[in-house]
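J.: After the structure tokens below, expect a handful of questions from me.
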Amino acid sequence: MPVSRRTLFPRPSKTAALTAAALVAAGASLTTACGVVPGSTGGSREDPVTVMTWAPEKTRASNKPGIPAMAQAYARWVNANGGLDGRELKVITCNDHNDPVGAADCAREAVDKEVAAVVGSYSQHGRSFLSPLEVAGIPYIGGYGVTDEEFSSPLSYPVNGGEPALMAGNGRQLADRCERVSLVRPDTIAGDDLPGLLDAGLTEGRHKPSFDIRAPEDGTDFTAQAEQALERAGTGGCVTAALGERTDTFYDSYRRTEDAYPTAKISSVLGSVDQSLVDRTGGGKGPYEGAYLTGWYPAASDARWDEMREVIRQQAFGDNRVDPTDAGVQTTWIAYTVLKQTVESLDGGEVSARTLRRALDKGLKVETGGLTPTLSWRFKDMLAASDFPRLVNADVTFQMVRDGRLVPARKGFVNVSKTLERVE
């Protein structure tokens, strides 16, 4: 099935990048002239650094309550240990309700509250929330990476490769393991991009394109999609699903259907399947045993996550929203690591949306303890792909479920930057 991709911003030239920065600065100046000074907190060490984190909660589709909960736990931990370079960290949270109006409302609240940044958030409505942030000059640091706009806005500072890297990586992972591949994905605007990304990875592995199977984002029964996926995968094929928290619902329908079809292998991406889901569904005796998974970061059992786990133990013990194996929680931890090092780089100076942007744009290098490569958002650090001009980290990891545990299927990171550059 041909894939219709949305028109995205082309890769900016250096002149265009400077023009975008100038427009952002002009927008911030105009906003100031109207009586609002966005991101003006943190002028002295006595002022708190105020940021916002948002995510959908209590919706019928995607819910990410662990993201704001992790942000609050991080704030408690950092404030108990001297703050951000001596300043108190204040985190405001917002529920975007998985709705464009809700996403825009969260962004307007961020402007009204004069936050210095929006950090470690999740929303499927990039156009709705990034426009108000751009006008106010507020940086968006370490978003989950589910929208194209996060990889094109001059005020976005992504820490992972988002859905593009996951899906391209999943194609690379499956190319030499599967005769044919069926992709089950949401019938949404964001979901429309996934087949082309998966196929880019498959093509690089000299594999034919996948079969694209659309499913309702908030579906409760996916029997029809499971039957279609199994029929098209055939003997020796793979069925990969990227339906967020509905992925397990799909595979429940799949399990009730699979006996009538040739045996296929199953696959997904982190964020749709994680260790907690494997545990809840029977571990090594459950349906995900042997599944192939693609993630952004090292496996959740890796020692590089030990500091995050200790923070959760200290500051979120008993809060079942904060799952250290959840990709949203992990991304929020990395996003706040970026914020902390950016504030420290200001060496006691003013902390504001403007100074944070300037530090990041000048090429600050952020170390994440090996959870990602060194992060930097200079123009020359960005991917040479017109669809994803703000993407600076195209590394993914190949994992699989073995004896009920997510373990590396291949040592180290796999870089999919060349794959993404070929996406049409």
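The values are calculated or read from the model by the stated rules, or taken from the named source; none is laboratory data. This one's a predicted model, so the numbers in the text were calculated from it and none came from an experiment. Cβ coordinates were reconstructed from backbone atoms using ideal geometry, including for glycine residues, and neighbour counts include every protein chain displayed. Side chains included, ligands, DNA and RNA excluded: accessible areas come from the protein's heavy atoms. Shrake-Rupley method; radii C 1.70, N 1.55, O 1.52, S 1.80 Å.
J.: When Val91 is evaluated against the numbered criteria (1) part of a loop (DSSP other than H, G, I, E, B); (2) open to solvent by 10 Å² or more (accessible area, probe 1.4 Å), which criterion, by number, is the only one it fails?
T.: For Val91, the exception is condition (1).
J.: Right, something else. Here is a check on your reading of the model: is Gln314 under 18 Å from the mean Cα position of the chain (by Cα) and of a type outside the set (Phe, Trp, Tyr)?
T.: In short, no.
J.: Continuing with the same structure: Can you find a residue in the stretch 105-120 that is part of a loop (DSSP other than H, G, I, E, B), free of Cβ contacts under 8 Å to residues at least 60 places away in the same chain and surrounded by fewer than 19 Cβ atoms within 10 Å (Cβ to Cβ)?
T.: no
J.: Let me ask something else. For the stretch 94-104, which positions are among the polar types (S, T, N, Q) and crowded, with 23+ Cβ neighbours inside 10 Å? Even if it seems obvious, please write down each step before you answer.
T.: Taking the stretch 94-104 first, the residues among the polar types (S, T, N, Q) are 95, 98.
Hit for the stretch 94-104 is Asn98, nothing else.
J.: Moving on to the next point. Could you tell me which of the residues Arg87, Arg60, Arg76 is touching a Lys or Arg at 6+ places or on another chain (Cβ under 8 Å) and basic (Lys, Arg)?
T.: Working: Arg60 fails: touching a Lys or Arg at 6+ places or on another chain (Cβ under 8 Å); Arg76 fails: touching a Lys or Arg at 6+ places or on another chain (Cβ under 8 Å).
Result of the check over Arg87, Arg60, Arg76: Arg87.
Here's the yes/no breakdown for (1) hydrophobic (A, V, I, L, M, F, W, C); (2) part of a loop (DSSP other than H, G, I, E, B):
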position	(1), (2)
Asp347	no, yes
Leu383	yes, yes
Arg390	no, yes
Asn393	no, yes
Val396	yes, no
Gln399	no, no
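J.: Let me spell it out: the conditions are (1) at pLDDT 95 or above; (2) closer than 20 Å to Val101 by Cα; (3) open to solvent by 20 Å² or more (accessible area, probe 1.4 Å), and Ala80 meets all of them except one. Which number is the exception?
T.: (2)
For (1) open to solvent by 10 Å² or more (accessible area, probe 1.4 Å); (2) not basic (Lys, Arg), each residue gets a yes or a no:
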{"position": "Leu293", "(1), (2)": "no, yes"}
{"position": "Ala300", "(1), (2)": "yes, yes"}
{"position": "Arg313", "(1), (2)": "yes, no"}
{"position": "Val329", "(1), (2)": "no, yes"}
{"position": "Thr337", "(1), (2)": "yes, yes"}
{"position": "Asp347", "(1), (2)": "yes, yes"}
{"position": "Asp361", "(1), (2)": "yes, yes"}
{"position": "Leu375", "(1), (2)": "no, yes"}
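Conditions tested, residue by residue: (1) open to solvent by less than 30 Å² (accessible area, probe 1.4 Å); (2) farther than 22 Å from Lys265 by Cβ.
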position	(1), (2)
Ser152	yes, yes
Leu174	yes, no
Ala200	yes, no
Ser210	yes, no
Ala224	no, no
Ala229	yes, no
Ala233	yes, no
Gly244	yes, no
Phe250	yes, no
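J.: Of the conditions (1) closer than 10 Å to Val49 by Cβ; (2) part of a helix (DSSP H, G or I); (3) touching a Pro at 6+ places or on another chain (Cβ under 9 Å), Ala75 clears all except one; give me its number.
T.: (3)
J.: Follow-up. When residues of the stretch 349-371 are filtered for being assigned to a helix (DSSP H, G or I) and out of contact with any strand residue (DSSP E or B) (no Cβ under 7 Å at 6 or more places or on another chain), how many remain?
T.: Total satisfying the criteria: 6.
J.: Another question about this same structure. Please tell me if Ser128 is open to solvent by 10 Å² or more (accessible area, probe 1.4 Å), among the polar types (S, T, N, Q), touching a Pro at 6+ places or on another chain (Cβ under 8 Å) and closer than 22 Å to Ala384 by Cα. Can you show your working first?
T.: Details: open to solvent by 10 Å² or more (accessible area, probe 1.4 Å): yes; among the polar types (S, T, N, Q): yes; touching a Pro at 6+ places or on another chain (Cβ under 8 Å): yes; closer than 22 Å to Ala384 by Cα: no.
So Ser128 does not fit the description; no.
J.: From the set of residues in the stretch 311-347 that are among the charged types (D, E, K, R) and touching a helix residue (DSSP H, G or I) at 6+ places or on another chain (Cβ under 9 Å), which is nearest to Pro65 (Cα to Cα)? If you could, list the steps in order and put the result at the bottom.
T.: Within the stretch 311-347, the subset among the charged types (D, E, K, R) is 313, 319, 321, 323, 326, 340, 344, 347.
Right, trim to touching a helix residue (DSSP H, G or I) at 6+ places or on another chain (Cβ under 9 Å) and you get 319, 321, 323, 326, 340.
Numbers: Asp319: 11, Arg321: 6, Asp323: 10, Asp326: 11, Lys340: 22 Å.
Ranking the candidates gives Arg321 first.
J.: In addition: What's the number of the only condition in (1) among the polar types (S, T, N, Q); (2) out of contact with any strand residue (DSSP E or B) (no Cβ under 8 Å at 6 or more places or on another chain); (3) in contact (Cβ under 8 Å) with a residue 40 or more places away in the chain that Ser301 fails to meet?
T.: (2)
J.: Going residue by residue through the stretch 137-148, is there one that turns out to be assigned to a helix (DSSP H, G or I), within 17 Å of the chain's Cα centre (by Cα) and touching a residue at least 60 places away in the same chain (Cβ under 8 Å)?
T.: Residues of the stretch 137-148 assigned to a helix (DSSP H, G or I): 148.
Going one step further and asking which of them are within 17 Å of the chain's Cα centre (by Cα), we end up with 148.
Within this subset, residues satisfying the condition of being touching a residue at least 60 places away in the same chain (Cβ under 8 Å) are 148.
Among the residues of the stretch 137-148, at least one is assigned to a helix (DSSP H, G or I), within 17 Å of the chain's Cα centre (by Cα) and touching a residue at least 60 places away in the same chain (Cβ under 8 Å), which makes the answer yes.
J.: Please determine whether any residue of the stretch 125-141 is more than 23 Å from Lys365 (Cβ to Cβ) and of a type in the set (Phe, Trp, Tyr).
T.: Yes, the stretch 125-141 contains a residue that is more than 23 Å from Lys365 (Cβ to Cβ) and of a type in the set (Phe, Trp, Tyr).
J.: Just give me the residues in the stretch 53-97 being more than 22 Å from Thr325 (Cβ to Cβ) and polar (S, T, N, Q), in sequence order.
T.: Of everything in the stretch 53-97, those that are more than 22 Å from Thr325 (Cβ to Cβ) and polar (S, T, N, Q) turn out to be Asn79, Asn81, Asn95.
J.: Condition (residue is over 22 Å from the mean Cα position of the chain (by Cα) and closer than 25 Å to Thr331 by Cα) applied to the stretch 269-279: is it met by at least one residue? Steps first, please.
T.: Filtering the stretch 269-279 for residues over 22 Å from the mean Cα position of the chain (by Cα) gives 279.
Applying the additional criterion that residues be closer than 25 Å to Thr331 by Cα yields 279.
Yes - at least one qualifying residue is present in the stretch 269-279.
J.: Still on this structure, please answer the following. Under 7 Å by Cβ, and 6 or more places apart or on different chains, what pairs join a residue from the stretch 367-378 that is without any contact (Cβ under 8 Å) to a residue 12 or more places away in the chain with one that is among the small types (Gly, Ala, Ser)?
T.: none
J.: Any idea how many residues of the stretch 318-345 are out of contact with any Leu (no Cβ under 8 Å at 6 or more places or on another chain) and not in a helix (DSSP H, G or I)?
T.: Of the residues in that region, 8 qualify.
J.: Tell me, please, whether a residue that is open to solvent by 10 Å² or more (accessible area, probe 1.4 Å) and modelled with pLDDT of 95 or more can be found in the stretch 155-171. Working first, answer last.
T.: If we filter the stretch 155-171 for residues that are open to solvent by 10 Å² or more (accessible area, probe 1.4 Å), which is where we start, we get 163.
Pick out the ones that are also modelled with pLDDT of 95 or more and you get none.
Among the residues of the stretch 155-171, not one is open to solvent by 10 Å² or more (accessible area, probe 1.4 Å) and modelled with pLDDT of 95 or more, which makes the answer no.
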